[in-house]
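Take a look at the structure below.
We did not get these values from a lab; they are worked out from the coordinates using the rules stated. These figures come from a predicted structure and were not determined experimentally. Cβ atoms come from the backbone with ideal geometry, glycine included; neighbour counts cover every protein chain shown.
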Amino acid sequence: MFGRLHLLHHPAEHLPFPEGAFDLVCCLEALEFMVRPRAVVAELVRVTRPGGWLLLTNRLGTDARLMPGKAWSLEQAQQIYQEEFGLLEVEVQRWQVDYSLIWARKPGESLPTRSRPLEEVWCCPRCGKTALLRVAGAYRCTACEARVPVGADEIIEALSAL
Ligand SMILES: [Zn+2]
């Protein structure tokens with residue numbers, strides 16, 4: 001843990017958080033490197049609360065040609081996020097030479113989730129319950145006894161508990 005930031009090594013196509021767990025979900029300069037970026041976006045949308053916001057990026061520029069199906073024009077990105085994922089208020093803007101920045105709101109309304117301790121929202125990679133507690137060098141699930149190691153670099157190695 002770095003202050004209030006946790007680094008969790010886990011597949012992005014199946015995020016270990018309940019539906020609607022976060023007010024804002026951010027994924028910058030990463031989607032184009034995913035095997036199935038649309039599946040990852042679906043997960044990002046799932047864990048955003050109704051009425052919450054997503055902040056994403058889309059690869060542009062000459063490198064985008066090397067990523068067929070994973071980088072879109074500004075117009076394509078807006079259409080995909082609106083029509084395929086049903087997001088509202090999709091705003092696509094040039095951000096850097098190689099990226100556009102995308103803001104979008106998930107439809108619906110719900111109370112803000114606000115910042116909470118990781119243990120309150122992180123689902124055990126083995127049993128799926130929010131029952132993980134920090135112990136020396138790891139997190140331990142009080143429901144199924146799974147042990148999720150935390151490296152010396154403080155990265156939580158959730159893959160090893162699957
Ligand atoms: Zn468990």
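Going through segment 97-114 one residue at a time, which ones are under 18 Å from Glu84 (Cα atoms) and aromatic (Phe, Trp, Tyr)?
If the condition is that a residue be under 18 Å from Glu84 (Cα atoms) and aromatic (Phe, Trp, Tyr), then Trp103 is the only one that fits.
Conditions (1) among the aliphatic types (A, V, I, L, M); (2) surrounded by 15 or more Cβ atoms within 10 Å (Cβ to Cβ), marked per residue:
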{"site": "His14", "(1), (2)": "no, no"}
{"site": "Phe17", "(1), (2)": "no, yes"}
{"site": "Gly20", "(1), (2)": "no, yes"}
{"site": "Val25", "(1), (2)": "yes, yes"}
{"site": "Leu31", "(1), (2)": "yes, yes"}
{"site": "Pro37", "(1), (2)": "no, yes"}
{"site": "Val45", "(1), (2)": "yes, yes"}
{"site": "Arg49", "(1), (2)": "no, yes"}
{"site": "Gly52", "(1), (2)": "no, yes"}
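Restrict the check to segment 86-99 and report whether at least one residue is within 16 Å of the ligand (Cβ to nearest atom) and in contact with a helix residue (DSSP H, G or I) (Cβ under 7 Å, 6 or more places away or on another chain).
To start, the set of residues in segment 86-99 that are within 16 Å of the ligand (Cβ to nearest atom) comprises none.
Checked against the condition, which is being within 16 Å of the ligand (Cβ to nearest atom) and in contact with a helix residue (DSSP H, G or I) (Cβ under 7 Å, 6 or more places away or on another chain), segment 86-99 yields no hits at all.
Of the residues Val35, Val45, Val40, only one is in contact (Cβ under 8 Å) with a residue 40 or more places away in the chain, aliphatic (A, V, I, L, M) and not in a strand (DSSP E or B); which? Give the derivation first.
Details: Val35 fails: in contact (Cβ under 8 Å) with a residue 40 or more places away in the chain; Val40 fails: in contact (Cβ under 8 Å) with a residue 40 or more places away in the chain.
Sole residue among the options that is in contact (Cβ under 8 Å) with a residue 40 or more places away in the chain, aliphatic (A, V, I, L, M) and not in a strand (DSSP E or B): Val45.
Restricted to segment 102-119, and to residues that are under 26 Å from Glu29 (Cβ atoms) and of a type in the set (S, T, N, Q), which residue is surrounded by the most Cβ atoms within 10 Å (Cβ to Cβ)?
Here the answer is Thr113.
Might you check whether a residue that is under 15 Å from Leu15 (Cβ atoms), within 11 Å of the ligand (Cβ to nearest atom) and within 19 Å of the chain's Cα centre (by Cα) occurs anywhere in segment 138-156?
Scanning segment 138-156, I find no residue that is under 15 Å from Leu15 (Cβ atoms), within 11 Å of the ligand (Cβ to nearest atom) and within 19 Å of the chain's Cα centre (by Cα), so the answer is no.
Say whether the condition of being in a helix (DSSP H, G or I), touching a Ser or Thr at 6+ places or on another chain (Cβ under 8 Å), hydrophobic (A, V, I, L, M, F, W, C) and farther than 22 Å from Arg126 by Cβ is met by at least one residue in segment 10-27.
Within segment 10-27, the subset in a helix (DSSP H, G or I) is none.
No, every residue in segment 10-27 fails to be in a helix (DSSP H, G or I), touching a Ser or Thr at 6+ places or on another chain (Cβ under 8 Å), hydrophobic (A, V, I, L, M, F, W, C) and farther than 22 Å from Arg126 by Cβ.
Hey, could you check segment 120-137 for residues that are charged (D, E, K, R) and within 11 Å of the ligand (Cβ to nearest atom) and say which is surrounded by the fewest Cβ atoms within 10 Å (Cβ to Cβ)?
Step one: filter segment 120-137 for residues charged (D, E, K, R), giving 120, 126, 129, 134.
Among the residues that remain, those that are also within 11 Å of the ligand (Cβ to nearest atom) are: 126, 129.
On the way: Arg126: 16, Lys129: 13.
Filtering first and then ranking leaves Lys129.
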